[in-house]
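Peer 1: I am attaching a structure below and will ask some questions about it afterwards.
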Amino acid sequence: MIELELVGVRVELPHNQPIVLLKEREGERFLPIWIGAVEATSIAFALQGVVTARPMTHDLMRDLLSNLSVEVERIVVTELRDGTFYAEIRMTQDGDSIVVSSRPSDAIALAVRATVPIYAAEAVLDEAGIEIEDEDEDEVERFKEFLNSVSPEDFK
């Protein structure tokens, strides 16, 4: 397993498709995953510290797990099959391991709220990871600038 850091969420033009971008902590590969607008909004809210009047689904999930004394340990993007990413939420309760299958977008939204690490299987990065060449670093900087200026409402 390779630990990743969440670079952020953006809308990929011209199709207006939200994308979450992850990067190897100890490497140069990026892992882009196309996600739904609702999950993009949820991740963006969490990254920006937006507090809603009522809990969003992923806040509810975090609170339920916490109240049931379940500790989220990590999330893992486990595979890429037929163009679809798969993930697991790995947890513990009373010393017992619990693994739940999840869409990566939901797992990432929970990971941001629970402040737990995100991993990917090496095979996933080998298949879907991309390296950004030096001349493409400006694109990454533009992406980061976009993340600093985007509003969660942009994903609606």
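Peer 1: Rounded to a whole number, what % of the accessible area of the range 58-135 do carbon and sulfur atoms account for, probe 1.4 Å?
Peer 2: Answer for the range 58-135: carbon and sulfur cover 44 percent of the accessible area.
Peer 1: Rounded to the nearest 0.05, what FRET efficiency do I130 and S97 give with R0 = 30 Å and r taken as the Cβ-Cβ distance? Could you check?
Peer 2: With R0 = 30 Å, the Cβ-Cβ based efficiency is 0.40.
Peer 1: Compute the accessible area per residue over the range 1-143, keeping the other protein chains in place, probe 1.4 Å, unit Å².
Peer 2: Result: 56 Å² per residue.
Peer 1: Assuming R0 = 25 Å, what is the FRET efficiency of E71 and E26, from their Cβ-Cβ distance, to the nearest 0.05?
Peer 2: 0.50
Peer 1: Suppose R0 equals 30 Å; then what is the FRET efficiency for D82 and L47 from their Cβ-Cβ distance, rounded to the nearest 0.05?
Peer 2: Once rounded, the FRET efficiency stands at 0.55.
Peer 1: Right, another one. Using the Cα centre of the range 7-54 as origin and beta-carbon charges of +1 (Lys, Arg) and -1 (Asp, Glu), tell me which of V51, P14, F30 is placed farthest towards the positive end of the dipole.
Peer 2: Final value for the positive-end residue is V51.
Peer 1: Moving to a separate point now. Order the following by accessible area, largest value first: R74, R103, R10. Probe radius 1.4 Å; ligands, DNA and RNA are ignored.
Peer 2: From most accessible down to least: R103, R74, R10.
The values are calculated or read from the model by the stated rules, or taken from the named source; none is laboratory data. Since this is a predicted model, take the numbers as computed values, not measurements. Backbone-built Cβ (ideal geometry, glycine too); neighbour counts: all protein chains shown. These accessible areas exclude ligands, DNA and RNA; they are computed on the full protein's heavy atoms, side chains included. Shrake-Rupley method; radii C 1.70, N 1.55, O 1.52, S 1.80 Å.
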